[in-house]
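Below is one structure, written out as structure tokens; the observations come after it.
Just so it is clear, none of the values below were taken in a lab; they were calculated from the coordinates. None of these values were measured; they are calculated from a predicted model. With ideal geometry, Cβ positions are generated from the backbone for all residues, glycine too; neighbour counts draw on all protein chains shown.
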Ligand SMILES: [Zn+2]
Ligand SMILES: [Zn+2]
């Protein structure tokens with residue numbers, strides 16, 4: 001078993017990704033209640049007792065909601081940036097233990113090597129994660145207003161990608177959100193659109209890219225069919241034939257994915 005992952009939930013109501021390599025398993029974000037995270041892990045046949053840690057990308061509620069209870073109940077250490085720690089709401093309560101991480105400073109977590117990298121998003125010190133195990137690489141990169149050079153570099157040689165396809169620009173601009181909120185989402189510190197996501201994918205494409213999960217879809221400003229359509233007309237069919245695509249959902253987990261070197 002090389003590197004395994006499963007998007008348990010994705011979207012503005014809650015995010016959590018299961019990542020495992022060797023004998024180490026962890027969660028990126030815990031944006032559902034601890035109970036719901038447990039339920040989703042168990043329903044996917046994954047053992048919550050096997051978790052070693054929770055890594056937080058940033059302090060927005062849809063990424064942290066269950067982290068307090070989960071950390072205390074399971075004794076799980078939480079890895080997060082100083083900015084994220086300081087911005088956590090007090091009502092989350094104590095965390096079992098805290099490990100500070102920094103963009104650009106890689107660390108070992110059991111059998112996994114983790115490379116956090118800065119994201120452009122309206123949070124205190126948001127990061128994406130590149131995981132490495134046994135020659136396999138997976139990047140988790142959502143809540144990202146613009147795909148910076150750093151993001152592109154980090155995503156370039158990955159075998160698996162979880163990337164943000166937050167909104168369809170036309171649907172957002174013609175939709176019910178207030179003008180300031182539309183502006184925020186479109187800004188460099190907001191969220192990636194379907195088109196921007198596809199541009200990023202075109203840029204980081206390589207022969208050994210195996211799986212792409214389109215994630216953090218807005219329920220109001222996007223639709224899986226719109227994502228599918230954008231992939232269809234932005235990515236050349238032949239060039240992308242070897243890549244499996246999934247669209248992550250809010251209310252149920254995406255399939256368990258396995259990467260090989
Ligand atoms: Zn989010
Ligand atoms: Zn966010």
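Here are some notes:
- Considering only alpha-carbon pairs that sit under 8 angstrom and 6 or more positions apart, the relative contact order computed for segment 3-259 is 20 percent.
- Stretched out straight at 0.36 nm per residue, the stretch from residue 134 to residue 260 would grow longer than its current Cα-Cα span by 44.5 nm.
- The chain: antiparallel DSSP beta bridges as a percent of all, rounded to 5: 55 percent
- Alpha carbon centroid spacing (whole Å) that separates segment 1-67 from segment 226-247: 26 Å
- Most mobile listed residue (45, 83, 128) in the chain, GNM with C-alpha springs under 10 Å: 45
- Over segment 94-156, relative contact order from alpha-carbon pairs under 8 Å, at least 6 apart, %: 25 percent
- The chain: most fluctuating residue of 130, 235, 200 per GNM, C-alpha cutoff 10 Å: 235
- Ordering 179, 240 by the number of other Cβ atoms within 10 Å of each residue's own Cβ, fewest first, gives 179, 240.
- Between residue 220 and residue 153, the contour length at 0.36 nm per residue exceeds the Cα-Cα span by 21.0 nm.
- Only helical runs count toward this figure. For the chain, summing -39,500 (n - 2.57) over DSSP H runs of n ≥ 4 and dividing by all residues gives -7000 deg cm²/dmol at 222 nm.
- Counting neighbouring beta carbons within 10 Å and listing from fewest to most, the residues 173, 38, 214 come out as 173, 38, 214.
- P(r) of the chain over all Cα-Cα pairs, binned every 10 Å from zero, in whole percent: 7, 33, 39, 18, 2, 0
- Exposure proxy order (Cβ contacts within 10 Å, fewest to most) of 212, 98, 127, 243: 98, 243, 212, 127
- Contact order relative to length of segment 205-254, as percent, for alpha carbon pairs under 8 angstrom and 6 or more apart: 58 percent
- Within the listed set 78, 69, 28, the Gaussian network model of the chain (springs between alpha-carbon atoms below 10 Å) gives the highest mean-square fluctuation for 69.
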